[in-house]
Amino acid sequence: MADPGAPGPARPPLRPVFPRGTIMATPHLAAARRKSPPSVSRELAGDPAPRSRGTAMRRVLRTSLIVAVAAFAVGLLAGCTPGGGSGGAGPVELGHYEDAIRVVPTLDETRATTGTIGLAGGSISATAADGTVFTLAIPADSLRQATRITMTPVTKLDGLPFGNGTDVTVDLQPSGLLFDVPATLSIEPATPIPPGERILYGYSEDRLTFAEPALEASGVAIVVTHFSGYGAAKGFMGDVDEARRRIGGTAEERITSEMRAVMQAEHQAAQRGEPGGNLNALLDPYFEQLDREVIQPRLAAAGQSCAAGRAAILTALGYARQRDLLGYEDPPGTFNEVIELIENTVGPKCMDEEYQMCVDEHIVHRIARAYLGFDRQLALLGIENSPVLEKMKKQVDGCLHFDLEFKVDTRFELDTRSLNGSYLSFAESSELSTEVAFSIDRSLSTNTSYFEPSSGPMESLKQVYRQKAPGCVPGTVSSWTDTGHFLGMDLGIDSGDLDKGGGGATSIRVWLELPSPPVTISGMSCGGVAAPPAADLVGAPGAYLVNHRDDLVDGKVVIEDWEIHNSEVFATAKWSFFNGLGPMGSLEDVGTATLRHTPR
């Protein structure tokens, strides 16, 4: 059997789509796998700069919405305490409502539209059966990873307590998705809703809230900070006082929903040409209540747990962002307090928890997202090169560390006894062990995620050589040593929700470069005449390359059929391949690949 030489035709690289996934990939393989590498937002991959704070905060918060806004807007965090259960003095009654508004959407799945939006942003539209058009525009740097988004028109929203039955609603998935920069949902109703008579609303699960109007838009437009559903109905805000009193949920949800209702009422009046009040003066009591009932209790509880700390940071930043956008000239105390929390309390505590989960439970899909969240928050607050980030980066790299074992057994057989009484068989084993180490620094500098290439020795193991031929004395086969190379790994993950849990590794693809060592037969003689040594065989890795040549990509081995265990033995791949070489020959290989999670 001859050395295979050049590999067979390369199969076009596969590009799987992971609906909520992040692909951690080695960048020097990107050209073979994707048309263009994913970009990383400047905040994550930015140039080194002196550590500074204060002066950039307002400018940044005006142009880039911190992830906190969604949590501030709808109170989605599982760790958030309701706050204000006593219902202290304030414009919003925070007691329990037995008749809080619940809504149930009926989706028109036949008109659903799905698209993938990346870091560069984009738009997606859906059209309802009556001709209403919904368009969601997502700015650049709004999402932290490419995300599959589905828009589904709603045929009926049961429980909606206002409107004249001509309401238009769209459901947005994945539910709970947060935006670092707000998206805008534009609605072109088939039956136009006059300016000054548009009631904008949203829902999360079955809880109704009032939505924030895009004040600069001329048509029906809603500021979208999170998913799941939004819509517009015809009516006057002055006629929905009862509904405004029955908005349920946490104290944060109730107060912020009522603030949006106030904004809508003023916006309606302006569209009708009616004189309005001083918006800041109208909102002041709500801000005061929000600070007293929600912000201060959460800041006080920030050190109790990672979830409580994240809730405090996100809520405080959302509060500051809203006031900044409305023109309030506040001192920077809130920002500085949040920076201290991230650097000295919440950030270290959360990352320690994530790293310990990684070590003890082999949960690898959360820690990079947690780090990037803190890094982005500090960057948006004007803080660069914070010392706390160095420790966090070591924890990410330490968590995403694996060892790879590749083992293959091969057997070549040529049976021509029916023709000339000859028989030859050669079996051999070999294995490769390499390190698979993630580098967050290399990831940020190359605008992609990065697993360091590595190499390991390979050698002939368990050789079994048999040869029979009339009048011949069999020879022996040579051993060999060579080097195999780990080139990179794609790790597809669903990062889940840092507070609600979920997610996990969804797919693995490993890239290897294997040697094709020749195996020489020597010492053979026939009829008393010695035959010269001949390299008639190849070692086990070369035999593997022969059998799988149609699956190689640019001559490289790609292993992608993994069973993921999410344990110390993180994933395994197994194969068995029999290749008939004509009526009298065969080449068989059986092997396993094992990815062990070995956090450092």
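Of all residues in the stretch 493-529, how many are part of a loop (DSSP other than H, G, I, E, B) and in contact (Cβ under 8 Å) with a residue 12 or more places away in the chain?
Of the residues in that region, 13 qualify.
Is it fair to say TYR201 is modelled with pLDDT of 90 or more, surrounded by 15 or more Cβ atoms within 10 Å (Cβ to Cβ), within 36 Å of the chain's Cα centre (by Cα) and not assigned by the TED database to the domain that holds LEU157?
Taking the combined requirement at face value, the residue does not satisfy it.
Do you know which residues across the stretch 445-480 are open to solvent by 30 Å² or more (accessible area, probe 1.4 Å) and within 41 Å of the chain's Cα centre (by Cα)?
Across the stretch 445-480, the qualifying residues are SER445, THR446, ASN447, GLU452, PRO453, SER455, PRO457, GLU459.
Does the stretch 465-475 contain at least one residue that is modelled with pLDDT of 95 or more, not in a helix (DSSP H, G or I) and not assigned by the TED database to the domain that holds GLY176?
Within the stretch 465-475, not a single residue is modelled with pLDDT of 95 or more, not in a helix (DSSP H, G or I) and not assigned by the TED database to the domain that holds GLY176.
Being open to solvent by less than 60 Å² (accessible area, probe 1.4 Å), under 36 Å from the mean Cα position of the chain (by Cα) and either more than 18 Å from VAL103 (Cβ to Cβ) or in the same structural domain as LEU326 (by the TED database) (or both): is that true of GLU252 here?
yes
Name the single residue, out of those in the stretch 354-383 being part of a loop (DSSP other than H, G, I, E, B) and in contact with a Lys or Arg (Cβ under 6 Å, 6 or more places away or on another chain), that is farthest from ALA571 (Cα to Cα).
Of everything passing the filter in the stretch 354-383, GLY382 is farthest from ALA571 (Cα to Cα).
The rows are residues; the columns are (1) in the same structural domain as CYS306 (by the TED database); (2) more than 22 Å from VAL346 (Cα to Cα); (3) open to solvent by less than 50 Å² (accessible area, probe 1.4 Å).
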site: HIS362; (1), (2), (3): yes, yes, yes
site: GLY373; (1), (2), (3): yes, no, yes
site: ILE383; (1), (2), (3): yes, no, yes
site: PHE406; (1), (2), (3): no, yes, yes
site: GLU413; (1), (2), (3): no, yes, no
site: ARG417; (1), (2), (3): no, yes, no
site: LEU424; (1), (2), (3): no, yes, yes
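Please verify whether the stretch 428-436 includes one or more residues that are within 21 Å of SER516 (Cα to Cα), free of Cβ contacts under 8 Å to residues at least 60 places away in the same chain and of a type in the set (S, T, N, Q).
yes
Is it the case that ASP167 is closer than 26 Å to ARG321 by Cβ, of a type outside the set (Gly, Ala, Ser) and buried (at least 19 other Cβ atoms within 10 Å of the Cβ)?
no
Just checking, which of SER586, SER567, SER576 is hydroxyl-bearing (Ser, Thr, Tyr) and open to solvent by 70 Å² or more (accessible area, probe 1.4 Å)?
Criteria check complete, one pass: SER576.
Might you check whether a residue that is in contact with a helix residue (DSSP H, G or I) (Cβ under 7 Å, 6 or more places away or on another chain), closer than 17 Å to ILE440 by Cα and open to solvent by 10 Å² or more (accessible area, probe 1.4 Å) occurs anywhere in the stretch 353-360?
Yes; the residues of the stretch 353-360 include at least one that is in contact with a helix residue (DSSP H, G or I) (Cβ under 7 Å, 6 or more places away or on another chain), closer than 17 Å to ILE440 by Cα and open to solvent by 10 Å² or more (accessible area, probe 1.4 Å).
I want to confirm something. Restricting to the stretch 191-240 and keeping residues that are of a type in the set (A, V, I, L, M, F, W, C) and assigned to a loop (DSSP other than H, G, I, E, B), which single residue is farthest from ALA100 (Cα to Cα)?
ALA217
Give the residue, chosen from VAL558, VAL546, that is in a strand (DSSP E or B), closer than 24 Å to GLY591 by Cα and of a type in the set (A, V, I, L, M, F, W, C).
Residue meeting the stated conditions: VAL558.
Picking from ARG310, ARG272, which residue would you name as being among the charged types (D, E, K, R) and in the same structural domain as ILE342 (by the TED database)?
None of the others qualify; the one that does is ARG310.
For the structure I just gave you, tell me whether PHE374 is within 30 Å of LYS462 (Cβ to Cβ) and not charged (D, E, K, R).
Considered against the rule, which asks whether it is within 30 Å of LYS462 (Cβ to Cβ) and not charged (D, E, K, R), PHE374 comes out as no.
The values are calculated or read from the model by the stated rules, or taken from the named source; none is laboratory data. Keep in mind that what you see is a predicted model, and the values were worked out from it rather than measured. Virtual Cβ from ideal backbone geometry, glycine too; neighbours counted across all protein chains shown. What goes into the accessible areas is simple: the full protein's heavy atoms, side chains included, and nothing from ligands, DNA or RNA. Shrake-Rupley method; radii C 1.70, N 1.55, O 1.52, S 1.80 Å.
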